[in-house]
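Take a look at the structure below.
The values are calculated or read from the model by the stated rules, or taken from the named source; none is laboratory data. Keep in mind that what you see is a predicted model, and the values were worked out from it rather than measured. Here the Cβ positions follow ideal geometry from the backbone for every residue, glycine too, while neighbour counts run over all protein chains shown. What goes into the accessible areas is simple: the full protein's heavy atoms, side chains included, and nothing from ligands, DNA or RNA. Shrake-Rupley method; radii C 1.70, N 1.55, O 1.52, S 1.80 Å.
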Amino acid sequence: MAERRKDNKGRVLKTGESQRKDMLYQYRYTDIYGKRKTMYSSDLQELRRKEKESKKI
């Protein structure tokens, strides 16, 4: 069974989320036009807020 991806503090990351070597969090997704988009944040909670906002549009 595959392990769940975690950040350096041990928090489980959701699909599309990752933590870079420079400790920035990123969220990658494909928009409705088929283009890859990436959001960055230094804080995981802020990144998830940005995710929610992008899904509302």
Probe 1.4 Å, heavy atoms of protein chains only: per residue, the accessible area of the chain in Å² is 86 Å²
Each label sits 7 Å from Cα toward the beta-carbon; between MET1 and THR30 the label points are separated, in nm, by 2.9 nm
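How large is the helix-only mean residue ellipticity at 222 nm for the chain, computed as the sum of -39500 (n - 2.57) over DSSP H runs with n ≥ 4, divided by its residue count, in deg cm²/dmol to the nearest 500? Please list the in-between numbers first.
Values: 1 runs with 13 residues, N = 57.
Counting only the DSSP helices, I get -7000 deg cm²/dmol.
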Carbon plus sulfur, as percent of the 1.4 Å-probe accessible area of the chain, comes to 50 percent
About its Cα centre, the chain carries a charge dipole, from +1 on Lys and Arg Cβ atoms and -1 on Asp and Glu Cβ atoms, whose size in debye to the nearest 20 is 120 debye
Residue span LYS9 to TYR40: 0.36 nm per residue of separation minus Cα-Cα distance leaves a gain in nm of 9.4 nm
In degrees, nearest 10, the alpha-carbon axis of helix 44-56 is tilted away from the dominant principal axis of the alpha carbons of the chain by 20 degrees
